[in-house]
């Protein structure tokens, strides 16, 4: 499964991901955001599981399984640019702010803002076709969760 997904991400122009692959790609991006500050804390792991369960209507066990798969994919995945472009191709414009809000909620879940997380999320917002204002609003909504 990872080989097919990775080969799609490595393609010069990533194709639109199938729904299960898009979900896993988003989960892997959440893991990447959580790991970007060099600390992959238990609070971040638990938060990723809760977000995946909520977004995809999964049981806690299924969400943890998806996150575990996402950890492997994130470690093997190409650069964030291709990764995010593939997610963008699989996601309608009106849904992208919600994805960014979920990513911000992961970044904020350990109780600290980090410059690396901020940098990564600025890049992701841009690659998803969102403005700085939309990113700031997504961050504010995530902080209120």
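Packing order of peptides 36-49, 53-66, highest average first: 36-49, 53-66 (average count of other Cβ atoms within 10 Å over each peptide's residues). Comparing mean-square fluctuations of 124, 133, 31 from a GNM of the chain with C-alpha springs under 10 Å, the top value falls on 133.
Here the translational diffusion coefficient of the stretch 2-144 follows from Stokes-Einstein with Rh set to the Kirkwood radius across Cα pairs; for 25 °C and 0.890 mPa s it amounts to 165 µm²/s. With contributions of -39500 (n - 2.57) from each DSSP H run of at least four residues, the per-residue ellipticity at 222 nm computed over the chain stands at -24500 deg cm²/dmol.
A crude spin-label estimate for the pair residue 55 and residue 122, with each label 7 Å from Cα along the Cβ direction, gives 2.3 nm. Each peptide in 138-144, 89-95 receives the mean, over its residues, of other Cβ atoms within 10 Å, and ordering these scores from highest gives 138-144, 89-95. Taking other C-beta atoms within 10 angstrom as a stand-in for reagent exposure, 106, 72 fall in the order 72, 106, fewest first. Extending 7 Å from the Cα toward the beta-carbon at both residue 62 and residue 79 defines two label points whose distance is 3.6 nm. Convex hull volume per residue, computed on the Cα atoms of the stretch 18-94, equals 96 Å³. Mean separation of Cα pairs under 8 Å and 6 or more residues apart, divided by the residue count, gives the chain a relative contact order of 31 percent.
None of the figures in this text is laboratory data; all of them are computed from the coordinates on show. Note that this is a predicted model, so its numbers are computed, not measured. Here Cβ is always computed from backbone atoms with ideal geometry, including for glycine, and neighbour counts include all displayed protein chains.
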